[in-house]
Amino acid sequence: MAKKQTFDSKTKKKGANDFKVAKLVYSVKSEKTKAWKFMEKNVRIPEGENEQKFISDYIQKALA
């Protein structure tokens, strides 16, 4: 017989708590139409990191 899998065992997979996910939303002005667009990106934040500092560093790297 197969082992019954419970919901609790599904949520406790290895590596599931190694990071947090934050959605980064920013606006970009189109060069072609001169209209503003909103862009979305999911960012993985490692566990134990300061979220605000990590996101601000991520934005600085993207702009560079």
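The values are calculated or read from the model by the stated rules, or taken from the named source; none is laboratory data. Because the structure is a prediction, the values reported are computed rather than measured. Note that we place each Cβ from the backbone using ideal geometry, even for glycine, and neighbour counts take in every protein chain shown.
Contact map, the stretch 9-33: first residue within 18 Å of Arg44 (Cα to Cα), second residue among the hydroxyl-bearing types (Ser, Thr, Tyr) and at pLDDT 70 or above, Cβ cut-off under 9 Å, separation 6 or more or different chains; pairs are Leu24/Tyr58.
A quick yes/no check of all residues on (1) exposed (fewer than 10 other Cβ atoms within 10 Å of the Cβ); (2) assigned to a loop (DSSP other than H, G, I, E, B); (3) at pLDDT 90 or above; (4) small (Gly, Ala, Ser):
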residue: Met1; (1), (2), (3), (4): yes, yes, no, no
residue: Ser9; (1), (2), (3), (4): no, no, no, yes
residue: Lys32; (1), (2), (3), (4): yes, yes, yes, no
residue: Asn42; (1), (2), (3), (4): yes, no, yes, no
